[in-house]
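Peer 1: So that we are looking at the same thing, I have put the structure below in structure tokens.
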Amino acid sequence: MKMEMIKLDIRKAACFLAEGAVEGMEKQTKAAHKALEDGTSKGSDFLGWLHLPSSLTPEFLQDIKTTADTLRRECDTIVVAGIGGSYLGARAVIEALGNSFAWLTNKGENPNILFAGNNIGEDYLAELLAYLKGRRFGVINISKSGTTTETALAFRLLRSLCEEERGKETARRVIVAITDAKKGAARTTADKEGYKSYVIPDNVGGRFSVLTPVGLLPIACAGFDIDLLVKGAADMEKHAAEAPYAENIAEQYAAVRNLLYAGGKKIEVLANFQPKLHFMNEWWKQLYGESEGKELKGIFPAAVDFTTDLHSMGQWLQEGERTIFETVISVEQSEHELRFPHDEENLDGLNFLAGKRIDEVNRMAELGTQIAHVDGGVPNIRIVLPRLDAYYLGQLIYFFELGCGISGNVLGVNPFNQPGVEAYKKNMFALLSKPGYEAESEAIRERLKKEA
Ligand SMILES: O=P(O)(O)OC[C@H]1O[C@](O)(CO)[C@@H](O)[C@@H]1O
């Protein structure tokens with residue numbers, strides 16, 4: 001199979017900017033990229049993702065595959081417990097590569113991968129436990145900090161059911177922990193129980209961790225090729241390190257989005273025309289949202305699935321407030337071939353499409369949308385993938401990560417922290433009277449009384 005590089009087309013965005021504006025960003029963008037390479041960027045303790053793809057050894061990847069084989073042999077269902085960066089990357093890749101109806105059509109060749117620990121929904125958890133009862137299930141418990149409430153809660157429930165259903169000894173073989181090297185509940189339990197465990201490197205933040213065991217183990221468990229995924233990322237890493245500005249797609253993306261933002265485009269809408277990319281949207285939203293939304297700055301990352309959402313959000317996108325730009329992930333080739341059917345009666349008047357590839361119709365929907373939105377005042381960036389496979393997803397992941405690091409530096413924020421996430425946690429713990437939060441508990445109760 002011929003391997004190409006994914007492409008970025010910024011022409012329909014650059015036409016909304018002053019002539020030469022993108023070229024004029026070269027110095028600033030290159031400096032922002034260099035700050036990552038030199039380790040002088042804000043948040044430079046968290047640059048472990050930058051050369052991660054090229055540093056993953058065959059031995060390390062083999063170890064992940066061996067663990068995945070054990071889980072695949074011993075489980076018909078694997079629950080991935082994690083939230084944010086501790087599950088979105090794995091889910092994005094698994095859904096992009098998998099059959100859309102995998103959980104219905106699966107005849108046992110692959111375990112079903114389910115996700116938990118990403119909400120506090122009592123019904124969700126109760127229904128999950130009811131489903132797992134009597135099944136040969138295993139758990140991958142993922143938490144960098146090892147202290148996240150949502151994940152810890154799910155893990156308590158899953159571990160106890162797993163031990164109950166499968167016995168303590170088997171549970172030890174089918175529970176795997178991916179967490180900090182030393183601290184946190186997930187680490188302590190894993191060491192005490194003798195679970196197989198992997199370390200999330202200190203210098204890789206959750207949202208940049210998909211190419212660590214956080215993403216690689218669930219993806220390998222689902223039966224997908226992690227060697228190819230990592231190769232795609234490593235090839236993009238090499239491209240980005242060497243390419244001049246005009247050809248450097250991560251730099252170009254970072255430059256254009258910052259220019260659009262400075263010109264009043266406060267919202268970036270990531271769009272796809274393949275339903276399988278829905279969770280890629282979700283992963284991207286966390287990556288850019290947590291990295292740039294701080295110090296009262298940052299593009300708001302929104303996302304849509306087309307053509308589905310053209311029938312719900314299409315009106316707003318076409319004629320709403322002109323503060324948005326669109327970034328479309330475009331896939332050139334689909335994996336199956338299916339043609340538009342002919343109908344004798346032609347009641348819907350669609351026989352003019354009969355015999356055409358459905359993909360061709362989708363492509364025209366994509367082009368028609370681009371023309372309409374650009375005419376409606378929405379700058380458009382296109383990212384083109386030859387096909388949806390592990391190799392090009394690897395490229396896409398690294399492209400987005402690097403683009404994000406560079407873009408955050410251009411914006412002038414620390415792209416690698418997320419202090420704002422603590423605010424809700426602090427209030428929730430105060431409301432639930434967590435030991436150590438006595439003063440906060442009292443203050444928040446007083447406040448609620450006054451506001452009642
Ligand atoms: O892996 P952890 O430590 O459980 O964190 C999960 C997610 O929660 C956050 O820390 C926010 O609270 C994210 O940055 C992270 O991806």
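Peer 1: So, in segment 24-54, exactly how many residues are open to solvent by 70 Å² or more (accessible area, probe 1.4 Å) and free of Cβ contacts under 8 Å to residues at least 12 places away in the same chain?
Peer 2: 4
Peer 1: Here is a follow-up. When you scan segment 56-139 for helices (runs of 4 or more DSSP H) that lie fully inside it, which ones turn up with 2 or more residues that are surrounded by fewer than 16 Cβ atoms within 10 Å (Cβ to Cβ) and charged (D, E, K, R)?
Peer 2: 58-74, 122-132
Peer 1: Scan segment 425-437 and give yes if some residue there is among the hydroxyl-bearing types (Ser, Thr, Tyr), within 16 Å of the ligand (Cβ to nearest atom) and open to solvent by 30 Å² or more (accessible area, probe 1.4 Å), otherwise no.
Peer 2: No, that holds for no residue.
Peer 1: If we keep just the residues of segment 140-172 that are surrounded by fewer than 19 Cβ atoms within 10 Å (Cβ to Cβ) and of a type in the set (Ser, Thr, Tyr), which is nearest to the ligand (Cβ to nearest atom)?
Peer 2: Top of the filtered list is Ser145.
Peer 1: A follow-up question, please. Considering each residue of segment 201-220, count those that are in a helix (DSSP H, G or I), under 13 Å from Thr179 (Cα atoms) and either away from the ligand (no atom under 13 Å from the Cβ) or open to solvent by less than 10 Å² (accessible area, probe 1.4 Å) (or both), and give that number.
Peer 2: Qualifying residue count, segment 201-220: 4.
Peer 1: For segment 412-423, check the following and say yes or no: at least one residue is free of Cβ contacts under 8 Å to residues at least 12 places away in the same chain, part of a loop (DSSP other than H, G, I, E, B) and either in contact with a helix residue (DSSP H, G or I) (Cβ under 8 Å, 6 or more places away or on another chain) or within 16 Å of the ligand (Cβ to nearest atom) (or both).
Peer 2: Scanning segment 412-423, I find no residue that is free of Cβ contacts under 8 Å to residues at least 12 places away in the same chain, part of a loop (DSSP other than H, G, I, E, B) and either in contact with a helix residue (DSSP H, G or I) (Cβ under 8 Å, 6 or more places away or on another chain) or within 16 Å of the ligand (Cβ to nearest atom) (or both), so the answer is no.
Peer 1: Please note which helices (runs of 4 or more DSSP H) are completely contained in segment 221-330 and include at least 2 residues that are away from the ligand (no atom under 16 Å from the Cβ), in contact (Cβ under 8 Å) with a residue 12 or more places away in the chain and under 23 Å from Cys15 (Cα atoms).
Peer 2: Fully inside segment 221-330 and qualifying: 249-262, 314-319.
Peer 1: List the residue pairs whose Cβ atoms are under 9 Å apart, where the first residue sits in segment 386-398 and is assigned to a helix (DSSP H, G or I), the second is open to solvent by 10 Å² or more (accessible area, probe 1.4 Å) and small (Gly, Ala, Ser), and the two are 6 or more positions apart or on different chains.
Peer 2: Qualifying pairs under 9 Å: Gly394/Ala234; Tyr398/Ala234.
The values are calculated or read from the model by the stated rules, or taken from the named source; none is laboratory data. The shown structure was predicted, so the numbers you read here are calculated from the model rather than taken from an experiment. Heads up, the Cβs are rebuilt from the backbone with ideal geometry, glycines too, and the neighbour counts pull from every protein chain shown. With ligands, DNA and RNA removed, areas are computed over all heavy atoms of the protein, side chains included. Shrake-Rupley method; radii C 1.70, N 1.55, O 1.52, S 1.80 Å.
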